[in-house]
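The values are calculated or read from the model by the stated rules, or taken from the named source; none is laboratory data. What you are looking at is a predicted structure, and each value in this text was computed from that prediction instead of being measured. Surface accessibility is based on the protein's heavy atoms, side chains included, excluding ligands, DNA and RNA. Shrake-Rupley method; radii C 1.70, N 1.55, O 1.52, S 1.80 Å.
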Amino acid sequence: MDRHRILRGNYRGGKGRWTARLLLLVLILLAFWALLYFLGRPVEPRMIEVDVTDKIAESAM
């Protein structure tokens, strides 16, 4: 009885394993790049416009 075959599970050819590992690495790098891109973007300053002309006019009177 071969115990290593049980531990390996479904054994695929070497080329398929390397292709899967490469694809996983590319997906991880893309996710990391997207995270850095969205976190590193400059945030637009949000201006809140307040109309204070009425208050200035009241205080001038």
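For F38, the solvent-accessible surface computed with a 1.4 Å probe is close to 120 Å², ligands and nucleic acids excluded. 3J(HN,Hα) along segment 38-52, derived from phi through the Karplus expression 6.51 cos²θ - 1.76 cosθ + 1.60 where θ = phi - 60°, amounts to 6, 7, x, 5, x, 8, 5, x, 9, 8, 9, 8, 10, 8, 10 Hz, with x in place of Gly and Pro. Multiplying the residue separation of F32 and S59 by 0.36 nm and removing their Cα-Cα distance gives an extension gain of 4.2 nm. Couplings 3J(HN,Hα) for segment 18-25, derived from phi with the Karplus relation 6.51 cos²θ - 1.76 cosθ + 1.60 (θ = phi - 60°), are 5, 5, 5, 5, 5, 5, 5, 5 Hz, where x marks Gly and Pro.
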